[in-house]
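Structure first, commentary second.
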């Protein structure tokens, strides 16, 4: 049997070029090899020797690499294997996921928000919430293979509509209980209203994920994530985070940090502040690269004024992302093993929907408030299918080259593809960024 390195491997060199590290983006496996051993394996593979004819030390190495799927049979069609695994994973995912937009309104006025320009004055009523409960039951009646119900509270700022949350969350919980489904929920919030009272309520219903955004130390954050009345928000957010941990209502906070030219250099000060409060192991950092959205004035697919002023180039974004990871690691924070560009977002799942305050249905959370992305509503359909997000032909185009990053990119974010080309079904290639960040993360994690 002739063998080859997997097409989904990328390599980096470590320790004065004496060690080679390979990461397989399909399996997430990582190995470190002495450079001499790696060169000997290359010679064996290039000579097309069969494994039975190889010298014993190299044979043992190769047998282990085969088990790790770093080395595969030459005849294996890895492109076809990836596509089969992609579609299999979609069909085997039996979680019914609902992103519930309790309101589009938000008390913040963040200049880079991707929801800028949408009509904000729309909040969910109890009447619509009742219809959503009925719709959820109908969907589950038609999809008895679902094994879990997962709700994510989203907005706008979801906690501006606590009345609906208090009504509907127990209803979802009861639906899952009656059907013997697993139930969990999360919330994506700016954190300012996440006080003891609402956290106590959310924890009754298996709260498993809380995402909050801080955009730097106090002075920097308060210039960006500011209330509509001009007041800063940092102190209230941190008060709620620290209180949640002290009251044991928060186990972990997924801290989103959006960065650009305006704030990135101030981040070490934020890390030091978090270390001062011993939050290194209680917070999982997520660094958000700010990208263009649909211009609010014209509706055109162009960068808005803020992005033109403060946005970074692809190369700058990669450098700053890795620098943030390095600074965070120095201070005891965990950093990502890899940088994913969007292969498994909710838009690509079969059993998923984003529900607007009026009951209209979307597939992608980035399209909230944009009528052109509505595919139905809870009153007229019990399906979650949108053909625009179910056309994966672009993956074949991505696989037509030699890029090893397709499994962690998947053609990239569909909304960003739309921003770039006006077409949800085209690849959006950011290989330069994805390659540089992922190679840098391997170096930071394994050097």
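The table below gives the values:
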| read-out | value |
| --- | --- |
| Residue list for the stretch 123-151, filter: under 26 Å from residue 110 (Cβ atoms) and either assigned to a helix (DSSP H, G or I) or in contact (Cβ under 8 Å) with a residue 60 or more places away in the chain (or both) | 123, 124 |
| Hey, residue 175 over 24 Å from the mean Cα position of the chain (by Cα), surrounded by 18 or more Cβ atoms within 10 Å (Cβ to Cβ), at pLDDT 95 or above and outside any strand (DSSP E or B) or not | no |
| Residue within the stretch 96-111 that is surrounded by fewer than 18 Cβ atoms within 10 Å (Cβ to Cβ) and assigned to a helix (DSSP H, G or I) present | no |
| Residue in the stretch 91-105 that is in contact with a helix residue (DSSP H, G or I) (Cβ under 9 Å, 6 or more places away or on another chain) and within 29 Å of residue 402 (Cβ to Cβ) present | no |
| Criterion (surrounded by fewer than 21 Cβ atoms within 10 Å (Cβ to Cβ), closer than 30 Å to residue 282 by Cα and touching a residue at least 24 places away in the same chain (Cβ under 8 Å)) met by exactly one of 397, 326 | 326 |
| Unique match (being surrounded by fewer than 17 Cβ atoms within 10 Å (Cβ to Cβ), touching a residue at least 12 places away in the same chain (Cβ under 8 Å) and either under 30 Å from residue 182 (Cβ atoms) or touching a helix residue (DSSP H, G or I) at 6+ places or on another chain (Cβ under 7 Å) (or both)) among 1, 44 | 1 |
| Complete set of residues in the stretch 178-202 that are surrounded by fewer than 19 Cβ atoms within 10 Å (Cβ to Cβ) and on the phi > 0 side of the Ramachandran plot | 180 |
| Residue, farthest from residue 399 (Cα to Cα), within the stretch 6-30, restricted to residues that are out of contact with any helix residue (DSSP H, G or I) (no Cβ under 7 Å at 6 or more places or on another chain) and at pLDDT 90 or above | 13 |
| The stretch 358-382 - residue that is part of a loop (DSSP other than H, G, I, E, B) and touching a helix residue (DSSP H, G or I) at 6+ places or on another chain (Cβ under 6 Å) and, of those, surrounded by the most Cβ atoms within 10 Å (Cβ to Cβ) | 363 |
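The values are calculated or read from the model by the stated rules, or taken from the named source; none is laboratory data. Values in this document were obtained by computation on a predicted structure and should not be read as measured data. Backbone-built Cβ (ideal geometry, glycine too); neighbour counts: all protein chains shown.
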